[in-house]
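This report refers to the structure that appears directly beneath it.
The values are calculated or read from the model by the stated rules, or taken from the named source; none is laboratory data. Bear in mind the structure is a predicted one, so any value in this text is a computation, not a measurement. Here the Cβ is made from the backbone with ideal geometry for all residues, glycine too, and neighbour counts use every protein chain on show. Accessible surface is based on the protein model in full, side chains and every heavy atom, while ligands, DNA and RNA are left aside. Shrake-Rupley method; radii C 1.70, N 1.55, O 1.52, S 1.80 Å.
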Amino acid sequence: MSDDTLLDRLQRKADGRNIDTRAGILEGEGSQQKVKDPEPARQGMDVLPTVPSRSGPDSAEAPSYYGMPVLKEPLWIWTVPAYFYVGGVAGAASVLGVALEYLGGRRLERLTGRCHAVATAGDIVSAGLLIHDLGRPSRFLNMLRVFRPTSPMSVGSWVLAGSGAVNTAAFVLRRMPGMLGGVGRAAGVMGAVLGLPLAGYTAVLVSNTAVPLWQQVGRTLPLFFMSSATASAGSLLSLFPHTDAEERVLRRFRIAGKVAELFTREAVELEARQVVEVGKPLRTGASGALWTLSRTCSLAGLVMDVLPGRARWKQVTADVLSTVAAVAARYAVIQAGKTSARNPQATFQGQRQGLGAAQVEGNTEASDGKPLSFPLPVLGQGSAPRAGMPYARFMVTQPEQ
């Protein structure tokens, strides 16, 4: 009989799972399964050199669980921010189209039809981009099986589907005589009603997550997306040939959107800066560069639009700058959210400042029924818990000198 123990045999076993036998052993019926794609060997984790209870809540170097992220990084691909932009343009264009339908008269009839065309095309392209991210059309259809008002994803899916249906009906029927024309105009009104949430619900969608940055800017990001969608729709429509009367309408529409975008962008940045580590992705890295590009192009587009002179090259330059700003802003927000999820201190600092579940009404009490006060204190080493308050004791092993 061999003198090898089970532990000795497991230590010699190398099937790609790279089990550290100092931390655990591999046994049971699943231990004999072969690994098809083994992971590369990982370096062992060092013992923390500091005591967590001695780190302040605002310390960027406060230790976490071996520096590993608390959250899983979102897996959204490039089609998601593209969908955010296209859907926003479609929603804003449908609103402008209905406004011109009833207030513009015959002299703006061509611009009205173009708004409905842009809204319809935007809805179709948005559905295609969303399906590309989901992988197959059946997954999009499955989201329409139920309607859940408490879920931004469910509400948004129905808004997109409904907007596409009524905008298509408005585009096809609105100029027909009789009852069909009335149905088309009524469908256009419904498209405008759905266009408002379509322009901004995507910001509500990302804010309704545990990602620190998206959660932090949940109050201002929807307003920013809607303002940006207004500026984007006006800039896109201005790139098409149009008359002087149409230009006056489009100029007011896009400048109003650009001014609102300027102020709401500042509000987003102000809200993100409330916690240092949460707002950091908007200032550094690739997401910070995209956000800076968006801010610069947005401001330049606004300046070009309000300066005297009506040269065609000047207007086209302003419209292109505004379009680049809107697209870059969506990609910056998505990339910044991914970076925020990878940073454990963004989660910890936000929670210590009272963000997350503590923001929800009814969740501001501790387990002992006493109200929480923010920022949350970090217990010092050797601190005794208050009477009646559950606690856990942690022992940190210091490395040998």
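A few remarks follow.
- For Leu196, the criteria (1) aliphatic (A, V, I, L, M); (2) closer than 24 Å to Glu261 by Cβ; (3) open to solvent by less than 20 Å² (accessible area, probe 1.4 Å) hold in every case but one, which is (3).
- Selection from the range 69-113 of residues that are within 17 Å of Asp133 (Cα to Cα) and assigned to a helix (DSSP H, G or I): Thr79, Val80, Pro81, Ala82, Tyr83, Phe84, Tyr85, Val86, Gly87
- Test: residue in the range 291-298 that is of a type in the set (S, T, N, Q), over 19 Å from Ile77 (Cα atoms), open to solvent by less than 30 Å² (accessible area, probe 1.4 Å) and touching a residue at least 60 places away in the same chain (Cβ under 8 Å): yes
- Look at the range 114-136: where a residue is free of Cβ contacts under 8 Å to residues at least 12 places away in the same chain and part of a helix (DSSP H, G or I) and a partner is open to solvent by less than 40 Å² (accessible area, probe 1.4 Å) and not polar (S, T, N, Q), sitting 6+ places away or on another chain with Cβ atoms under 8 Å, you get Ile131/Phe140; Leu134/Phe140.
- Among the residues of the range 122-137, those that are open to solvent by 50 Å² or more (accessible area, probe 1.4 Å) and not basic (Lys, Arg) comprise Ile124, Val125, His132, Gly135, Pro137.
- Just one of the listed residues (Val206, Val183) is more than 23 Å from Val89 (Cβ to Cβ), of a type in the set (A, V, I, L, M, F, W, C) and part of a helix (DSSP H, G or I), and it is Val183.
- Scanning the range 209-244 for residues that are closer than 15 Å to Thr264 by Cβ, part of a loop (DSSP other than H, G, I, E, B), of a type outside the set (Ser, Thr, Tyr) and open to solvent by 10 Å² or more (accessible area, probe 1.4 Å) gives Gly218, Arg219.
- Those residues of the range 87-112 which are on the phi < 0 side of the Ramachandran plot and either open to solvent by 30 Å² or more (accessible area, probe 1.4 Å) or modelled with pLDDT under 90 (or both), in sequence order: Val95, Ala99, Glu101, Tyr102, Leu103, Gly104, Arg106, Arg107, Leu108, Glu109, Arg110
- Subset of the range 245-281 (residues that are under 16 Å from Cys297 (Cα atoms), surrounded by fewer than 20 Cβ atoms within 10 Å (Cβ to Cβ) and in contact (Cβ under 8 Å) with a residue 40 or more places away in the chain): Ile255, Val259, Leu262, Thr264
- Restricting Gly164, Gly195, Gly156 to residues that are small (Gly, Ala, Ser) and either closer than 24 Å to Gly337 by Cβ or modelled with pLDDT under 90 (or both) narrows the list to Gly156.
- Any hit, the range 348-366, residues being charged (D, E, K, R) and either touching a strand residue (DSSP E or B) at 6+ places or on another chain (Cβ under 6 Å) or at pLDDT below 55 (or both): yes
- Residue match in the range 305-318 (condition: at negative phi, buried (at least 23 other Cβ atoms within 10 Å of the Cβ), part of a helix (DSSP H, G or I) and of a type in the set (A, V, I, L, M, F, W, C)): yes
- Pairs with Cβ under 7 Å, 6+ apart, first in the range 74-87 and touching a residue at least 12 places away in the same chain (Cβ under 8 Å), second open to solvent by less than 20 Å² (accessible area, probe 1.4 Å) and not in a helix (DSSP H, G or I): Pro74/Val211
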